[in-house]
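Reading through the structure tokens given below for one structure.
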């Protein structure tokens, strides 16, 4: 007899409770089966896809009467190394796709087949009757019975239970050879709980039982190695690396191959981003290039044309965001993270030109974020910025969230390409606001004959240093301004920016090479002498998060942060909270990001409007 045991007392199984190498994330805005946003996170070390309740910030539950019981994960086999994941919902059903990097295949896993009495019908694993193979025709008649399979643990694979003359071994096609020994007469459970049975009777070497477990999972091989997924809700797009680099188009429900779009010869497709009006962007991991696929008919590969855009370096990641500029002009922009650089470059897809967020310097490049980029994601809607206008309103902007390899997350204003500022924004010392030694006013350090040069300040604001209008241009660093009598000028040096090409002169407003800082030195009646200097600290003042922002200031300079250990590619999503049955109160739209962190086996939810990482699953 074959029994089915749905998720229950899982604490008895020696498996990771939630995440084991979370690598990719996808979401569905409002599936009928759950009536709330649902996230799916793939794992690189367990072969599982874990569903999340994105609204409540907890593991998904499939039983409203027992919210403490989580829904089953989607098991694909511990031998798989899952990366990119995509999820689709239709008529109450949910199916999930993932890239298996180790097997170089695509995995299609049905999760929910429909809804009955308001509850989702999840896939239940089955197993065939064990078939005994008497290897030497000795007439042995052992039995294998009391077979149990478990939702969330069992996957589609062939199993053999073989006797080697000394002991039995259980081997799964995907789960591999099990370490635990099946002992005759005792209930046996595979290492991670995929299968349970009791074997009894005598056997000789080579005798075995064969059976197959099944969850409806399908495996698809392609003409090359699948490396990345994208979707438009109706179709699955897969970037394929191989002799013929391409982007394939798949029906996510049937698995039917709808065709492919050839990429330039020698391309190494990497991460993809869905644009607007049937557009798809593909980064190149080998060449400094970005492929832009335009579909005349969305999802129809026969109508696609490919344009190549030269980039500063091979592409780590790409995201597309659209909206309106300050003057009301619409824009569609690609945000491109070049390999090895610390910035995100901005490309105008409508005008076909690179956007310069900081026209003060000669380079046409994105702002320096201080670390190589891990991944990008666009916001679904507009994100409220923390710095109010003169009228007390909080501007809302289309945004792109950026994860960096040093463990931080930042937000870029897509309309400018600059970082979103904190409440105070980039700033130098202010006599009223700053009393610490590191942020004292810049006063003359007079080392020779008495001098009375001063650094001017704005009497209305108390600010002595004017900062770049593009947050992210300025770094958090210490600046020194030192007089040189030989040139009758002041040498300007930043502790991170180095000695500036432009020197400062008295009674002329000074602007540093990149436009990061600006100030005015006013001469007095007693001239400066060699070695006289001013020193001051500036704060870059950009909105950002770390894993634990102890003082919840959404600023990364207080030293009160714990960092994510090499965060992965973030995923932007949106939830609505509040009353849904009408009334006077508006629904509360929340712009959020899901961040898998493979190194530390955790997934964080970042509330962009709220300014903090508010949930962490481990």
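The values are calculated or read from the model by the stated rules, or taken from the named source; none is laboratory data. Owing to the predicted nature of the structure, the values given are computational and were not obtained by experimental measurement. Cβ sites come from the backbone with ideal geometry, for glycine too, and all protein chains shown count toward neighbours.
Only one of these conditions is not met by residue 343: (1) free of Cβ contacts under 8 Å to residues at least 60 places away in the same chain; (2) within 27 Å of residue 258 (Cα to Cα). Which number is it?
(2)
Could you check residue 143 against (1) buried (at least 20 other Cβ atoms within 10 Å of the Cβ); (2) farther than 19 Å from residue 85 by Cβ and say which number it fails?
For residue 143, the failing item is (1).
Can you tell which of 554, 577 is surrounded by fewer than 16 Cβ atoms within 10 Å (Cβ to Cβ) and at pLDDT below 95?
Just a single option satisfies the conditions, and that option is 577.
For residue 503, state whether it is surrounded by 16 or more Cβ atoms within 10 Å (Cβ to Cβ) and either over 30 Å from residue 404 (Cα atoms) or in contact (Cβ under 8 Å) with a residue 40 or more places away in the chain (or both).
Against the criterion (surrounded by 16 or more Cβ atoms within 10 Å (Cβ to Cβ) and either over 30 Å from residue 404 (Cα atoms) or in contact (Cβ under 8 Å) with a residue 40 or more places away in the chain (or both)), residue 503 does not qualify.
If you go through the range 465-487 one residue at a time, do you hit one that is exposed (fewer than 13 other Cβ atoms within 10 Å of the Cβ) and over 29 Å from residue 370 (Cα atoms)?
yes
Checking residue 177 against (1) under 26 Å from residue 102 (Cβ atoms); (2) touching a residue at least 12 places away in the same chain (Cβ under 8 Å), which test does it fail?
For residue 177, the exception is condition (2).
Scan the range 411-429 for residues that are in a strand (DSSP E or B) and over 13 Å from residue 384 (Cβ atoms) and jot them down.
Residues satisfying the conditions are 412, 419, 427.
Just need a number here: residues in the range 176-213 that are crowded, with 17+ Cβ neighbours inside 10 Å, under 36 Å from the mean Cα position of the chain (by Cα) and under 25 Å from residue 134 (Cβ atoms).
Total meeting the criteria: 4.
For the range 371-393, check the following and say yes or no: at least one residue is surrounded by 16 or more Cβ atoms within 10 Å (Cβ to Cβ), outside any strand (DSSP E or B) and without any contact (Cβ under 8 Å) to a residue 24 or more places away in the chain.
No, the range 371-393 contains no residue that is surrounded by 16 or more Cβ atoms within 10 Å (Cβ to Cβ), outside any strand (DSSP E or B) and without any contact (Cβ under 8 Å) to a residue 24 or more places away in the chain.
Pairs please, first residue from the range 423-438 and at pLDDT 90 or above, second anywhere and in a strand (DSSP E or B), Cβ atoms under 6 Å, 6+ apart in sequence or on different chains.
Taking only residues 6 or more apart or on different chains, the pairs are 426/467; 427/539; 428/536; 428/538.
Which residues, taken from the range 260-286, are exposed (fewer than 15 other Cβ atoms within 10 Å of the Cβ) and either touching a strand residue (DSSP E or B) at 6+ places or on another chain (Cβ under 7 Å) or closer than 20 Å to residue 83 by Cα (or both)?
Within the range 260-286, 262, 264, 276 meet the criteria.
Collect the residues in the range 122-155 that are more than 45 Å from the chain's Cα centre (by Cα) and on the phi > 0 side of the Ramachandran plot, keeping them in residue-number order.
137, 139
Among the residues of the range 126-140, write down those that are more than 12 Å from residue 205 (Cβ to Cβ) and in contact with a strand residue (DSSP E or B) (Cβ under 8 Å, 6 or more places away or on another chain).
126, 127, 128, 129, 130, 131, 132, 133 - these are the residues of the range 126-140 that are more than 12 Å from residue 205 (Cβ to Cβ) and in contact with a strand residue (DSSP E or B) (Cβ under 8 Å, 6 or more places away or on another chain).
Is it the case that some residue within the range 296-312 is within 21 Å of the chain's Cα centre (by Cα) and either closer than 19 Å to residue 270 by Cβ or assigned to a strand (DSSP E or B) (or both)?
no
Could you please find all residues in the range 508-532 being farther than 11 Å from residue 452 by Cβ and either free of Cβ contacts under 8 Å to residues at least 24 places away in the same chain or crowded, with 21+ Cβ neighbours inside 10 Å (or both)?
Those that are farther than 11 Å from residue 452 by Cβ and either free of Cβ contacts under 8 Å to residues at least 24 places away in the same chain or crowded, with 21+ Cβ neighbours inside 10 Å (or both): 508, 509, 510, 512, 514, 516, 517, 519, 521.
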